[in-house]
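The values are calculated or read from the model by the stated rules, or taken from the named source; none is laboratory data. Quick caveat, the model's predicted, so the values are computed rather than measured. FYI the Cβ positions are ideal-geometry reconstructions off the backbone, even for glycines, and counts take in every protein chain you see.
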Amino acid sequence: MLPALTLVVPCYNEEESLPITAATLAAKLEELAAKERIDASSRVLFVDDGSADGTWSIINSLSKSSRGFTGIKLSRNVGHQNALIAGLEHVTSEICISIDADLQDDVNAIDAMVEHYHDGFQVVYGVRRDRSSDSLFKRKTAKAFYSLMSKLGVESVDNHADFRLLSAKALKALLSLRETNVYLRGMVPLVGFPASSVYYDRSARFAGESKYPFRKMLALAIHGVTSLSVAPLRLIAILGLTISFFAGVLSIWVIASKLFGHPTQGWASTTLVTFFMGGVQMLALGVVGEYIGCIYLEVKRRPKYFVERTTKDENCQG
Ligand code: UDP
Ligand code: MG
């Protein structure tokens, strides 16, 4: 029997890109079904992440026009990662692929992903070969972030965002990680399963603007580090030890110079050390605070999203 595929598409104010995206994805599903690589019951599942524009009404009319389109509308904007989780939790098919609504990720890579699934892989990462369509700033910060993550001992796939295939088994395992701070790129390698990669060129957004300003990118990066690594806490301890060692040496020197009659002149050196220590302590407290904040959110176990309505409800009503 052929596997059914669900394409999970998070959408936040995507009214400009949705019509073309929907047509492109539906054509891809039809093509793969005609080639007998996936089942004809395969679907596109749109997640409206609290959009303020006409995104939901487009999703709704798409679902009325064809059974191939379904959608869920979240009660408010919860961010890309949580919207993705919402979509993934609604998948019932044998395989699913998450893909952005702006089609920056190459739709044609889906063919190869499905082939890898038929070859026995449970997780297939879409990896960007070329990022020349991204701004220089985005490329540089992304590179620095990936190298920081690997130095902190977090296993992740370089240049892979959230374009990936998951089998039902891998998806179930992923969703069993009940954490509140989700960073899917780091969580998928954690669950294991045979994995492979498909390489593609990332193109520019064909419509609308990026919904990932620097502030959101930074928040995602901090989430990524704090949810997967405790190395920064250890670094603080090492830093504390090193500074204490130098402070010990310094105090021996201070006592010795007092005893042997070389009065200390240095106001400058004293204040410098005070400022430096103040800075280091604030930074260390900030890092510890970041982790405590995460623990706080985790223990509350708040749901990551609420579903306001689905295309099924709408189609029943009207
Ligand atoms: N997105 C979302 N919620 C948000 C921000 C973005 O669901 O709060 C969706 C957006 O509609 C798109 C995907 O996440 O489908 C990736 O966003 P975008 O293309 O703006 O990010 P970029 O490619 O610039 O990193
Ligand atoms: Mg994009």
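Counting only helices (runs of 4 or more DSSP H) that sit completely within region 80-183, those holding 2 or more residues that are closer than 26 Å to Val225 by Cβ, in contact with a strand residue (DSSP E or B) (Cβ under 8 Å, 6 or more places away or on another chain) and within 16 Å of ligand 2 (Cβ to nearest atom) correspond to 80-89. Hey, any hits in region 17-25 for a residue that's more than 16 Å from ligand 2 (Cβ to nearest atom) and closer than 22 Å to Leu177 by Cα? Taking every residue of region 17-25 in turn, none turns out to be more than 16 Å from ligand 2 (Cβ to nearest atom) and closer than 22 Å to Leu177 by Cα. In region 63-114, the qualifying residues are those that are among the hydroxyl-bearing types (Ser, Thr, Tyr) and touching a Phe, Trp or Tyr at 6+ places or on another chain (Cβ under 6 Å), and the one that is surrounded by the fewest Cβ atoms within 10 Å (Cβ to Cβ) is Ser75. Beta carbons closer than 6 Å, at least 6 apart along the sequence or on distinct chains, pair a first residue in region 178-195 that is at negative phi with a second that is assigned to a loop (DSSP other than H, G, I, E, B) and among the charged types (D, E, K, R) for Pro189/Glu155. Considering the conditions (1) surrounded by 20 or more Cβ atoms within 10 Å (Cβ to Cβ); (2) under 24 Å from Asp119 (Cα atoms), Met149 is excluded by exactly one of them, (2). Applying the criterion of being touching a residue at least 40 places away in the same chain (Cβ under 8 Å) and β-branched (Val, Ile, Thr) to the residues of region 273-318, the residue that is farthest from His90 (Cα to Cα) is Val280.
Of all residues in region 199-221, those that are over 20 Å from Asp48 (Cα atoms) have Cβ atoms under 6 Å from Cβ atoms of residues that are near ligand 1 (Cβ under 10 Å from one of its atoms) and at pLDDT 75 or above, 6 or more apart or on another chain, in Arg202/Gln104; Ser203/Gln104.
The condition (being closer than 17 Å to Leu171 by Cα, within 13 Å of ligand 1 (Cβ to nearest atom), within 25 Å of the chain's Cα centre (by Cα) and hydroxyl-bearing (Ser, Thr, Tyr)) is satisfied by just one residue among Ser98, Ser17: Ser98. Scanning region 23-62 for residues that are more than 16 Å from ligand 1 (Cβ to nearest atom), surrounded by fewer than 21 Cβ atoms within 10 Å (Cβ to Cβ) and not in a helix (DSSP H, G or I) gives Lys35, Glu36, Arg37, Asp39, Ala40, Ser41.
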